[in-house]
Amino acid sequence: MGLFDTTTKFESSIKQVPYPQEAVYRNLSDLRNLEKVRDRVPEDKVQDFAFDEDTVSLNVAPVGELKLRICEREEPKCVKFETVQSPVPFNVWIQVLPVTADTSKMKVTVKTELNPFIKGMVIGPLQDGVEKIADALAQIPYQPLTPPEREVD
């Protein structure tokens, strides 16, 4: 990045999730599970929404094309992403910690390099965006993955 860029970190508030840590982690660590929430993605704001096990790509107006890839999985507590394509490179961490055997809590962190001249203009919208991402992630139905049923003779 440029000479005057500074590292800026945006953190969501802690979100309570009514599902076990392991179920949340398993769903978040395989991006094919985004299929469960495809119908919740606002088509007026997000186009070209695509994903596979490790990457997600989308086109968001006015930002443009974004593509993120999982760069680290720390089972069962953290999934880290890096940008593959973005106007501004950034990293995202989704942390999941247990509260009880059946519930967990989650926090989203975004770290990026921002030029101080534009930082003042974008800090509010970026913090709001991180909070909205965390809210959306906390609303996903993270049903525990059940083993396939065995046939009975």
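The values are calculated or read from the model by the stated rules, or taken from the named source; none is laboratory data. As the structure is a computational prediction, the values presented were derived from the model and not from experiment. FYI the Cβ positions are ideal-geometry reconstructions off the backbone, even for glycines, and counts take in every protein chain you see. Just so you know, the surface numbers come from the protein's heavy atoms only, side chains and all, with ligands and any DNA or RNA stripped out. Shrake-Rupley method; radii C 1.70, N 1.55, O 1.52, S 1.80 Å.
Rundown of residues vs (1) open to solvent by 60 Å² or more (accessible area, probe 1.4 Å); (2) within 21 Å of LYS107 (Cα to Cα), yes/no style:
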position	(1), (2)
GLU35	yes, no
ARG38	yes, no
SER57	no, no
GLY64	no, no
CYS71	yes, yes
GLU82	no, yes
GLN85	yes, no
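Note on region 107-122: residues that are within 17 Å of ILE70 (Cα to Cα) and surrounded by 16 or more Cβ atoms within 10 Å (Cβ to Cβ) amount to 5. Can PRO89 be described as under 25 Å from ASN115 (Cα atoms) and either touching a Phe, Trp or Tyr at 6+ places or on another chain (Cβ under 9 Å) or in contact (Cβ under 8 Å) with a residue 12 or more places away in the chain (or both)? Yes: the conditions hold for PRO89. Here ILE140 meets the list (1) assigned to a loop (DSSP other than H, G, I, E, B); (2) farther than 18 Å from VAL37 by Cα almost entirely, failing just condition (2).
I'm trying to understand the selection: among the residues of region 62-89, which are more than 13 Å from the chain's Cα centre (by Cα), at pLDDT 95 or above and of a type in the set (A, V, I, L, M)? The one that is more than 13 Å from the chain's Cα centre (by Cα), at pLDDT 95 or above and of a type in the set (A, V, I, L, M): VAL84. Checked against the criterion of being open to solvent by 30 Å² or more (accessible area, probe 1.4 Å) and at pLDDT below 85, region 90-100 has no qualifying residue. Out of the residues in region 4-20 meeting the condition of being open to solvent by 30 Å² or more (accessible area, probe 1.4 Å) and polar (S, T, N, Q), tell me which one is modelled with the lowest pLDDT. Selected residue: THR6. One residue stands out among those in region 90-134 that are among the hydroxyl-bearing types (Ser, Thr, Tyr) and in a loop (DSSP other than H, G, I, E, B): the one that is nearest to the chain's Cα centre (by Cα), which is THR103.
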